[in-house]
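Chemist: One structure, pasted below without further comment.
The values are calculated or read from the model by the stated rules, or taken from the named source; none is laboratory data. Bear in mind the structure is a predicted one, so any value in this text is a computation, not a measurement. Neighbour counts run over all protein chains shown; Cβ positions are idealised from the backbone, glycine included.
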Amino acid sequence: MIQVVEAQAKAKNIVISSGNTTDNGGVNCCAKAYEVVKSGGDTLDAVIAGVNIVELDPNDTSVGYGGLPNEDGVVELDASCIHGPTRRGGAVGAIRGCKTPSKIAKLVLTETDHMMLVGEGASRFARMWGYPEEDLLTERSRLAWRMWKREMRDPNGHTNWESQTDAPPASRKIGSLKKEYPEYEEGLLAWAYEVAIHPPHGTINCIALNEKGEMSAVTTTSGMAWKIAGRLGDSPILGGGLFLDQDVGGAGSTGRGEENIRVCGAHTIVENMRHGMSPKESVLDCLTRVARNFDNDQKRLAAVDLQFYALRKDGEYAGGSLWGPPPNGRGGSRMAVCSDGQPSRLVDTVFLLERKA
Ligand code: GLY
């Protein structure tokens, strides 16, 4: 099977990423990365330049600047990257005060013989390379954190110290929120309440291939909202939120990192492709492993939001989510892609499970 894949492989210029629809982030990311690849730039420089757009966008509350903070109200970011031609990787975890953790992960890769720096050491490393300490909270993310703190007063309140996935599902009327937060408009309050009771995981993953068959990939995130300080998700874990072997392809993930780490998702998908599965089959197999960890109990899986993305060395790609598009509008996903001859765009992904009405 490996020989078959190699015989068919014909590299082309292509970039894929997670959808990140806020401000068209995924589409803009792929367009930027593609531009770098097309002009002959290095594939790692390309994917980092692409995700930097989303990291610096204060409106994307799952990545970089403006990302939702930890339970102390402090933004802690995770990122990892792999450079296919040199087979090197770098990662940072729980880094503070730096808007573009993907650039620091790249510095770990290029400037050290380590693979991962975390916490205070990672933040100091960024300062040493000239990245000033910056406040990453925006008014929007600060409001959401304040609202989450208030909801924690619920007598049945969930905390991160319990083994559950969601905050209390108490429903609040927008009018009562408006009384407590009179200075904010209703749409913003509704969004803040939603993320307070359903902590999102967000993230962007981006993978590039060029005509020479060179590949690189990056994943960057602010991680799970309201996490315990120091919590690392899957994004900085090479093999979890990101893996790439340019002899085969690359893979990455967005969504609930805890469930991805349990199946070493990105590594599993690349190894599936190595042994002959298509990108789509590889992603669906990985999602099947996640479901199995819940004994395929759809009630317990209902709270899990998880997506995988895969790009094979011949340019074939796929994205897949645990849940398909639901009647109530939550879950399901699209991905972005930019390839020779076509503009950067959103395309549908496959899914494992279907939500019932
Ligand atoms: N996938 C991002 C996280 O769970 O931190």
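Chemist: State all residues of the stretch 190-213 that are in contact with a Gly (Cβ under 7 Å, 6 or more places away or on another chain), over 16 Å from G66 (Cβ atoms) and within 15 Å of the ligand (Cβ to nearest atom); if no residue qualifies, say none.
Modeler: Within the stretch 190-213, N205, C206 qualify.
Chemist: Okay, moving on. Consider the stretch 12-58. How many of its residues are among the polar types (S, T, N, Q), surrounded by 24 or more Cβ atoms within 10 Å (Cβ to Cβ) and not in a helix (DSSP H, G or I)?
Modeler: Kept after step one, since they are among the polar types (S, T, N, Q), are these residues of the stretch 12-58: 13, 17-18, 20-22, 24, 28, 39, 43, 52.
So of that shortlist, the ones also surrounded by 24 or more Cβ atoms within 10 Å (Cβ to Cβ) come out as 17-18, 20, 43.
Next, only the ones that are not in a helix (DSSP H, G or I) stay: 17-18, 20.
Here the count works out to 3.
Chemist: Name, by its number, the condition in (1) touching a Gly at 6+ places or on another chain (Cβ under 7 Å); (2) away from the ligand (no atom under 16 Å from the Cβ) that does not hold for S141.
Modeler: (2)
Chemist: Only residues that are hydroxyl-bearing (S, T, Y) and closer than 15 Å to V63 by Cβ: list them for the stretch 127-145, please.
Modeler: Residues satisfying the conditions are T138, S141.
Chemist: Spot the failing condition for T112; the list is (1) hydroxyl-bearing (S, T, Y); (2) surrounded by fewer than 20 Cβ atoms within 10 Å (Cβ to Cβ); (3) under 22 Å from the mean Cα position of the chain (by Cα), and only one is missed.
Modeler: Of everything listed in (1) hydroxyl-bearing (S, T, Y); (2) surrounded by fewer than 20 Cβ atoms within 10 Å (Cβ to Cβ); (3) under 22 Å from the mean Cα position of the chain (by Cα), T112 misses just condition (3).
Chemist: For the stretch 48-76, which residues satisfy the criterion of being within 24 Å of V15 (Cβ to Cβ) and within 15 Å of the ligand (Cβ to nearest atom)?
Modeler: Matches in the stretch 48-76: V51, V54, E55, D60, T61, S62, V63, G64, G67.
Chemist: A follow-up question, please. How many of the residues in the stretch 214-266 are within 10 Å of the chain's Cα centre (by Cα), of a type in the set (G, A, S) and more than 11 Å from the ligand (Cβ to nearest atom)?
Modeler: Looking only at that region, the number is 0.
Chemist: Could you tell me whether any residue of the stretch 315-324 is within 24 Å of C30 (Cα to Cα), away from the ligand (no atom under 15 Å from the Cβ), part of a loop (DSSP other than H, G, I, E, B) and out of contact with any strand residue (DSSP E or B) (no Cβ under 6 Å at 6 or more places or on another chain)?
Modeler: Yes: one or more hits.
Chemist: Pairs only if they're at least six apart or on different chains, beta carbon under 8 angstrom, first in the stretch 305-324 and on the phi > 0 side of the Ramachandran plot, second outside any strand (DSSP E or B); list them, first residue then second.
Modeler: Filtered contacts from the stretch 305-324: G315/K10; G315/A11; G315/K12.
Chemist: Within the stretch 25-76, can you find the residues that are closer than 17 Å to G202 by Cα and of a type in the set (D, E)?
Modeler: E55, D57, D60, E71, E76
Chemist: If we only count helices (runs of 4 or more DSSP H) wholly inside the stretch 184-297, which ones have 1 or more residues that are modelled with pLDDT of 95 or more?
Modeler: Where helices (runs of 4 or more DSSP H) fall fully within the stretch 184-297 and carry at least 1 residues being modelled with pLDDT of 95 or more, they are 257-261, 265-274, 279-292.
Chemist: So in the stretch 77-88, with the set limited to residues that are under 15 Å from C206 (Cα atoms) and within 17 Å of the chain's Cα centre (by Cα), which one is nearest to the ligand (Cβ to nearest atom)?
Modeler: Quick first cut of the stretch 77-88, residues under 15 Å from C206 (Cα atoms) only: 78-84.
Next, from what is left, pick out any that are within 17 Å of the chain's Cα centre (by Cα): 78-82.
Details: D78: 6, A79: 10, S80: 11, C81: 15, I82: 16 Å.
Among them, the one singled out is D78.
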